[in-house]
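Working notes, structure below.
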Amino acid sequence: MDSKKKKIIWLIIIVLIIIGLIILIMTMFRSRPLDDIYTTDNQPRFTAESPELEPVNIPEAASVEFTVENLSRNFADRFGSWSTDNQGQNLLELMSLSTNSLQNYLESIELNYQNEEFFGVTTRAISTQIVSLDESAGIGEVLVQTQRTTTNDDLNQHTYYQNISISVIEVDGKWLVNEAEWQEA
């Protein structure tokens with residue numbers, strides 16, 4: 001019985017020591033406020049010592065040229081990019097950029113891509129050139145130079161360059177694409 005009592009006493013002492021250590025550790029962490037960890041009072045501060053800097057004036061609205069070129073670039077990228085895995089998605093993305101007549105044309109395009117093998121085209125606008133722009137009449141034409149890359153089922157790629165002529169018109173204060181025609185590669 002004596003050895004059992006000694007074992008129980010030692011077990012109780014060990015448990016009390018462990019509980020004491022846990023309480024000690026918890027009080028040490030609680031005694032230090034967390035806010036002190038995140039203060040920046042003692043951190044060095046950087047100040048720019050350049051009185052020659054002047055604020056840049058940001059234009060309130062984009063120029064018509066920028067708007068027309070950006071519209072044409074975005075249209076060319078989406079119109080020329082498609083794949084058999086995502087049939088017609090590029091055409092849906094063009095609806096908000098197109099006039100009603102072009103939307104009707106896009107909706108009438110019959111999609112019958114071969115589903116057995118993958119094929120896709122990625123188009124990226126490289127540059128734009130405004131051929132004509134009459135702001136008062138609300139019409140313009142932009143030539144977009146593109147880089148087009150075809151990818152087949154074996155992931156073989158072929159890159160070529162092709163221009164697209166894009167006609168834009170202003171409808172209710174918003175520039176939209178009215179026609180798009182790929183030029184010979």
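The values are calculated or read from the model by the stated rules, or taken from the named source; none is laboratory data. Since the model is a prediction, treat every value here as computed from it, not as a measurement. Neighbour counts run over all protein chains shown; Cβ positions are idealised from the backbone, glycine included.
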I'd like to check something: does segment 134-146 contain any residue that is in a strand (DSSP E or B), within 18 Å of residue 91 (Cβ to Cβ), without any contact (Cβ under 8 Å) to a residue 60 or more places away in the chain and not aromatic (Phe, Trp, Tyr)? no
Taking segment 83-130 and the residues there that are more than 28 Å from residue 64 (Cα to Cα) and in contact with an Asp or Glu (Cβ under 8 Å, 6 or more places away or on another chain), the one that is surrounded by the most Cβ atoms within 10 Å (Cβ to Cβ) would be 120
Which count do you get for residues in segment 151-179 that are within 16 Å of residue 78 (Cα to Cα) and either without any contact (Cβ under 8 Å) to a residue 12 or more places away in the chain or loosely packed, with under 15 Cβ neighbours inside 10 Å (or both)? 1
Of the residues in segment 76-95, how many are farther than 13 Å from residue 127 by Cα and either in contact with a helix residue (DSSP H, G or I) (Cβ under 6 Å, 6 or more places away or on another chain) or at pLDDT 90 or above (or both)? 10
